[in-house]
Amino acid sequence: MKAIVCTQYGPPDLLQFKEIAKPAPANNEVLIQVCAASANPLDWRIMRGDPFFVRLAFGLRKPKIEVLGSDFAGRVEAVGKDVKQFKPGDEVFGARGFAGGAFAEYVCAVEDQLALKPANVSFESAAAVPVAAVTALLGLRDQGAIKPGQRVLVDGASGGVGTFAIQIAKSFGAEVTAVCSTRNLEIARSIGADHVIDYTQHNFTQNGQHYNLILAANARHSIFAYRRALLPDGICVKAGGKPNLSGILQDLLLAPLLSLTGNKKTRGFIAKLDRKDLNILKDLLATGKIMPVIDRRYPLSETAEALRYLEEGHAQGKVVITVAH
């Protein structure tokens, strides 16, 4: 099968589009013929091995994972003998998480990493969902304890997580303010934002407005700035941003300490994907309550260019990889 192979850390030019062995499913796995995949920041960070602590998890000298890619959608080709939920021919979507493997013509995944694709949703749209939408869902529901009628602000509202966060927050009945650049204001409005703030013109942490919940999809501000924009008992959930040492220390040490002083909370998290949440997103997709915003599509052979574009940081929503058979 054809796949995008990463054998050394570095720029996208080092990625290879080549023939490798087709995977075989284990007893608890499903073999999927990939029809579409989508790129996430984790993909290019593993590709680069940057920041350095990425190498502690994925290999010091070269990546342990040679085929990148987490999100995918496709058709089940074969199942292991212990698989109960899926059968050959099923159309599914899901994610491999840190294990990678989706930038290829075939990928294996365990049942808990999969859900049936709604019949009214394309493979490309389904592939755009898993990592970004699960991150938004867990950040709002589990970490932020979102409630109907709350004032919710999404900082970094035009990226993958942010575009889903606007729509998921609206599905919970929240009043949503989206923070993004000038060129993305209309996109935010079109997917349901009640209010928009152009961060190139206004700093929402200094305008006197306060929110029950802030989802920081890019975490460009300090913990103190985010706390300033919270209502009493408000929560700021950091769901993204540059994973530098300063940010990690703030999340691990400063945020818990500040949360002990007063009722305002700040927390970071790493999303964990399971079938229950994928099925929730499947229902939201099927009913049109969420709709992926897809910026660009690239064929599998041009995945390097897709990651180059995503790394620039200006993608509107998701970048999708299409796989022809």
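The values are calculated or read from the model by the stated rules, or taken from the named source; none is laboratory data. Predicted, not measured: the structure shown is a model, and the values here were computed from it. Every residue, glycine as well, gets a Cβ built from its backbone with ideal geometry; the counts of neighbours run over all protein chains shown.
Structural remarks
- Conditions (1) within 23 Å of ILE166 (Cα to Cα); (2) within 16 Å of the chain's Cα centre (by Cα); number of the one not met by LEU114: (1)
- Of all residues in region 199-239, those satisfying the criterion of being at positive phi and small (Gly, Ala, Ser) are GLY208, ALA219.
- Failed item in (1) at pLDDT 95 or above; (2) crowded, with 18+ Cβ neighbours inside 10 Å; (3) farther than 26 Å from GLY162 by Cβ, with ASP43 passing the rest: (3)
- Just so you know, in region 268-301 the residues that are surrounded by fewer than 18 Cβ atoms within 10 Å (Cβ to Cβ) and of a type in the set (Asp, Glu) include one that is farthest from ARG220 (Cα to Cα), and it is ASP283.
- Some residue of region 99-116 being in contact with a Ser or Thr (Cβ under 9 Å, 6 or more places away or on another chain), at pLDDT 95 or above and outside the structural domain of GLY313 (by TED's automatic domain parsing): no
- Among the helices (runs of 4 or more DSSP H) confined to region 228-286, the ones with at least 3 residues that are at pLDDT below 90 are located at 245-249, 255-259.
- Residue match in region 80-90 (condition: closer than 28 Å to LEU215 by Cα, over 14 Å from the mean Cα position of the chain (by Cα) and without any contact (Cβ under 8 Å) to a residue 60 or more places away in the chain): no
- Given (1) in a strand (DSSP E or B); (2) surrounded by fewer than 24 Cβ atoms within 10 Å (Cβ to Cβ); (3) among the small types (Gly, Ala, Ser), index of the condition ALA225 fails: (1)
- Residue check, PHE93 touching a helix residue (DSSP H, G or I) at 6+ places or on another chain (Cβ under 9 Å), outside any loop (DSSP other than H, G, I, E, B) and either buried (at least 20 other Cβ atoms within 10 Å of the Cβ) or not assigned by TED's automatic domain parsing to the domain that holds PRO23 (or both): yes
- The set of residues from region 206-222 being among the polar types (S, T, N, Q) and surrounded by fewer than 19 Cβ atoms within 10 Å (Cβ to Cβ) comprises GLN206, ASN207, GLN209, SER222.
- Filtering region 310-325 to residues that are crowded, with 20+ Cβ neighbours inside 10 Å and part of a helix (DSSP H, G or I) leaves only LEU310.
- Condition check for VAL83: of a type outside the set (Gly, Ala, Ser) and assigned to a loop (DSSP other than H, G, I, E, B): yes
- In region 102-216, counting only strands (runs of 3 or more DSSP E) that sit wholly within it, the ones holding 1 or more residues that are hydroxyl-bearing (Ser, Thr, Tyr) and under 18 Å from LYS265 (Cβ atoms) span 211-216.
- Any hit, region 55-66, residues being outside any strand (DSSP E or B), in contact (Cβ under 8 Å) with a residue 60 or more places away in the chain and in contact with a strand residue (DSSP E or B) (Cβ under 8 Å, 6 or more places away or on another chain): yes
- A single entry from GLY173, GLY144 fulfils the requirement of being crowded, with 18+ Cβ neighbours inside 10 Å and either within 30 Å of LYS22 (Cα to Cα) or of a type outside the set (Asp, Glu) (or both): GLY144.
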